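Below: one structure, written as structure tokens.
Just so you know, all these numbers are worked out from the coordinates, no wet-lab data involved. Only a predicted model underlies this, so the values are computations on that prediction, with no experimental measurement involved. Glycine also receives a Cβ, built like all others from the backbone with ideal geometry; neighbour counts cover every protein chain displayed.
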Amino acid sequence: MINDSKIKQDIKSDDDKMIDKLLSTVKSPKAIFKIWIIVLLIIIGFGCFAYYRQLRFGLIVTSMRDYTSWGIYISNFVFFVAVSLIGSLVSSILKLAKVKWSYPLTRISEIIAVAAIICAAIIIIVDMGRPDRFLNVIFYGRIQSPIIWDVLVIMTYLVISLLLLYLPLLPDIALCRDRLKHISVWRKKMYKILALNWQNKPGQLRRLKKTSTILEIMVIPVAFAIHTITSWLFATTWRPGWDSTNLGPYFVSGAFMLGAAVIIIAMFFVRRSFNLQDFISNDHFDKMGKILVMLSLVYLYFNINEYLGPAFKMVGVEGEHITELFSGDYATMYWLVQIPGLMLPILIMLFKRGRQPFIIMIVSFFVLMGAWFKRFLIVIPSLQHPYLPIQDVDESYLHYYPTWEEWAITLASFAGVLLIISLLLKLFPIIPIQEYINQDKTNKEQTVES
Amino acid sequence: MKNLFLIQPKYNLVRKFLLLILLSCNCMAFSQKKSAEIRYRFIDDESDKRVAIQVFQIEGTELKAVEELDVLLYVERLFTNLPVGNLFNTTDETGLVEINFPSDLPGDSIGNLNLIIRIEDAESIRDTSVYAKVKWGVPILHDKTEEKRSLWATRANAPISLIILVNSLLLVVWGIILYICYEMYLIRKE
């Protein structure tokens, strides 16, 4: 009996130590963090200046013309939508499958999902020539148009992602409210408001478990919908390269692959910056590596499907488009995307050494770059082969080289994602504390019983 | 340095403004252009259609036929006016000109066309326009098939099945979101 209570006391003091350690990531930011935020703000400021020029002079400051009417803004939008799917992969699919090792990664993935979907929504408004007319899309939109479905599903996914991040955070915000003493007044107030009077009461825990499970289930079809509908924006437009029934699953599988790569990169830098080696271990990298290999193989399979059929037939404009990708103007980019961006990572990660933290981070970075340029290749070359060519077109219609304004805005959107991620990581505990302790306790109790 | 802060009236602008007023007064006073009266008649033989236009100049209380005057005839279209007749439709010594009218112009649902008879940039006559309506157009009835509910129809004619499907999905998903928000409220109240 005495032994039993002593064990329980030991577990309690262990928990306290664990909580303090996990809350240490939320303490006042260091100088390097402040510098990082300033750098991001400068990039965003530069992007805002470019956007001011776009608003002032119109979309003529971009390279978008009558042929290439969707430029890097739209490829960037598709990229961010893809990244946002990571929230549903880790925090929902792995959680529902009761994959216990993935618990420390859920918060990071949810934060990335929220940041990416916010910036995806912003970049689509940036692409509009008249952003002041955005509400007309809602008020006068045709329900038959996939663009309207996309707008609806993006708004829905944004709200679900925010809830999926916020609800499991409640017990951890309550810990911040109760345990963090030497923090600024506004942060104290923020934790107090956001904690929703959380007291770990049985009723609160029951409601939290119920709502979290509902969200975890609901986010899966919505996540599939968001990227499938994004693919339908292309598939329902009659252009070479887009006229495919394969596009929905092709986009979804690519998004999951990209999401897994993004989380590996995030894991590497978060673990290093916040000293979380005890919680994000080498084993996590190994397992995420295996997931990435599996997702990359699925994506490779869809890639073969996507290009083999048209390449075998080489019919008309479709054939011209394939030739342009395989051996024409876009061949270098295409093969860089396919080989170092997809095939080599699969080969490297098949070996255990290839799944070591640093190596897999570099490999994931290649996957990420490949994924960004892949979106470029999906959007731009197709637009340069219209089925109804215009006679005597201006030379500028035939090529698309983004202007500095487009690059500045695109870089600013990346900086925006990183800024949101950095701020959220600094404001809230990175590892889900309550979940981690419950998991730890169950493990210890099982050990004692055995 | 002190001069920089002096507020000086811009005489140049005032001078230009006065000159403008003077010039416009002169234009009014010395203008030789007189107002005109335009009379028209629609002639519909079985073989062809014509618009007979006669132009008179008002001199005191008398009307004097205007000869050698170019008259323009337009039909109102959706975005612009369609010129009808020859390049120059010049009046004879009685001030009359007859302009042949095409019989295949699309009109409204009962075949009405809105015409504009216009005198522009004439030497002695002020610019004048007269509006008329004639039932010489081909009646255009809306194709009922276009009003059918379809994916390519207008917003108001979206397929019912699509409207039901999209709204049901939105209702279910947003209903669950609202339920979760309500649960959050209960968590706070607990």
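Sorting B:W136, A:W186 by the number of Cβ atoms found within 10 Å of their own Cβ, with the fewest placed first, yields A:W186, B:W136. Local charge for B:T61 was computed over the other residues whose Cβ lies under 14 Å away, with Lys and Arg +1 and Asp and Glu -1, and equals -1. Annotation: peptides B:73-82, A:194-203, ranked by per-residue average of other Cβ atoms within 10 Å with the highest first, follow the order A:194-203, B:73-82. Relative to the Cα centre, the charge distribution of the protein assembly as shown, modelled as +1 at Lys and Arg Cβ and -1 at Asp and Glu Cβ, gives a dipole magnitude of about 4700 debye. Across peptide A:166-175, the mean count of Cβ atoms from other chains lying within 10 Å of each residue's own Cβ comes to 1. Measuring r between the beta carbons of A:A97 and A:L55 and using R0 = 45 Å, the FRET efficiency lands at 0.45. Close amide H partners of B:I125, meaning residues 5 or more places away or on another chain with modelled amide H under 5 Å apart, are B:K34. The residues packed around A:N136, meaning those with a beta-carbon under 12 Å from its beta-carbon, carry a net charge of +3 if Lys and Arg are +1 and Asp and Glu are -1.
Given a cut-off of 22 Å, what percent of all Cα-Cα pairs of region A:163-320 lie beyond it? Write out the running numbers ahead of the final one.
Details: 7983 of 12403 pairs.
Counting pairs separated by more than 22 Å, the tail of P(r) holds 64 percent.
Any chance you could check the Cα centroid distance between region A:223-256 and region A:162-221 for me, in angstrom? Value for the Cα centre distance between the two parts: 36 Å.
Could you list, in their original order, any pairs among A:K27/A:K426; A:K27/A:K188; A:K21/A:K192 whose Cα atoms are separated by more than 18 Å?
A:K21/A:K192
Here the mean projected area of the convex hull built on the C-alpha positions of chain A is 24.9 nm². Partner lysines whose Cα lies under 17 Å from the Cα of A:K209, excluding those fewer than 8 positions away in the same chain, are identified as A:K95, A:K98, A:K100, A:K201, B:K189. Positive-end ranking of A:Y157, A:I138, A:L169 along the dipole of region A:123-203, with charges on Cβ about the Cα centre, is headed by A:L169.
Axis of helix B:160-189 versus longest Cα principal axis of chain B: the two differ by about 50°, to the nearest ten degrees.
A Förster radius of 22 Å, combined with the Cβ-Cβ distance separating A:S327 from A:F351, puts the computed FRET efficiency at roughly 0.10. In sequence order, region A:149-158 has phi-based couplings of 4, 5, 4, 5, 6, 5, 4, 5, 5, 4 Hz under the Karplus curve 6.51 cos²θ - 1.76 cosθ + 1.60, θ = phi - 60°, and Gly or Pro positions carry x.
Pop the C-beta distance of A:K188 and A:S396 into the FRET formula with R0 = 56 Å and round what comes out to the nearest 0.05.
On the way: r = 56 Å, r/R0 = 1.00.
According to the calculation, E is roughly 0.50.
Dipole orientation for the protein assembly as shown: of the candidates B:V55, A:V298, A:F376, A:V298 has the Cα lying most toward the positive pole (charges on Cβ; Lys, Arg +1; Asp, Glu -1). Per residue of B:173-179, other chain Cβ atoms within 10 Å of the residue Cβ number 4 on average. For chain A, a Gaussian network of Cα nodes joined below 10 Å ranks A:I117, A:I409, A:I60 by mean-square fluctuation, and the top entry is A:I60. Ranked from largest, the principal axis spans of the Cα set of region B:36-134 equal 44, 31, 25 Å.
For every other residue with a beta carbon closer than 13 angstrom to the beta carbon of B:F42, add +1 if it is Lys or Arg and -1 if Asp or Glu, then tell me the sum.
Values: positive: B:R39, B:R41, B:K49, B:R50, B:K133, B:K135; negative: B:D44, B:D45, B:D48, B:E98.
Overall, the nearby charge balance is +2.
Only lysines eight or more places from B:K64 in sequence, or on another chain, were considered; those with a Cα closer than 30 Å are B:K33, B:K34, B:K49, B:K133. Considering chain A as a Gaussian network with a 10 Å cut-off on Cα pairs, which listed residue, A:L336, A:L292, A:L165, attains the greatest mean-square fluctuation? The residue with the greatest mean-square fluctuation here is A:L336. Farthest towards the positive end of the charge dipole of chain A, among the residues A:A225, A:N197, A:Y250, is the Cα of A:N197, using unit charges on the Cβ of Lys, Arg, Asp and Glu. GNM on chain A, alpha-carbon springs under 10 angstrom: the most fluctuating residue among A:V126, A:V393, A:V83 is A:V393.
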